[in-house]
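K.L.:
Dropping the structure in here first, questions after.
Just so it is clear, none of the values below were taken in a lab; they were calculated from the coordinates. This is a predicted model, so every value here is computed, not measured. All Cβ positions, even for glycine, are placed from backbone atoms using ideal geometry, and neighbour counts span all protein chains on display.
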């Protein structure tokens, strides 16, 4: 009996490890794919990677037009994908996006940001830019941040070969 219980525990542990590794690989692949679509200005396809709640609040045309307007300000070069945490249908991935600011100034830049993903209909959907969805995600899963510190995005520009955090001036209302 003891051997039987030990065998089942071993099988469950191994299966859980493979399932988690597979989920992490799928999440990382989704983040990489989204980056490549952003980099190539394939905004129409990016709309399909948004969660249902995001698509219900914003039309495809509005989404694509907003990204097309923003493309005049930066050019993406590469991404570093770091720590990945998956819990059920939720995931957070640490990333660093490197590129260049081209307007109103020219500078090398990077954005340190966590990507938030939700699994819907068997596919990972990126909710990073949708603060409403992200806030609901975090509120509904308070234990998610255990062992994975949730951080706000930070923007840096390179000055004299050093990364300096960029703090935008406050907006007038």
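K.L.:
Order these by the 10 Å Cβ neighbour count, fewest first: 166, 63.
P.N.:
Working: 166 15, 63 19.
In order of increasing Cβ crowding within 10 Å: 166, 63.
K.L.:
Of the listed peptides 74-81, 45-52, 155-162, what is their order by residue-averaged count of other C-beta atoms within 10 Å, with the highest listed first?
P.N.:
By packing density, highest mean first, the sequence is 45-52, 74-81, 155-162.
K.L.:
Assign one of three labels to the range 13-132, namely rounded, prolate or oblate, based on the Cα gyration tensor with a ≥ b ≥ c the square roots of its eigenvalues; rounded applies when a/c is under 1.5, prolate when it is not and a/b is larger than b/c, and oblate otherwise.
P.N.:
Here the range 13-132 falls in the oblate category.
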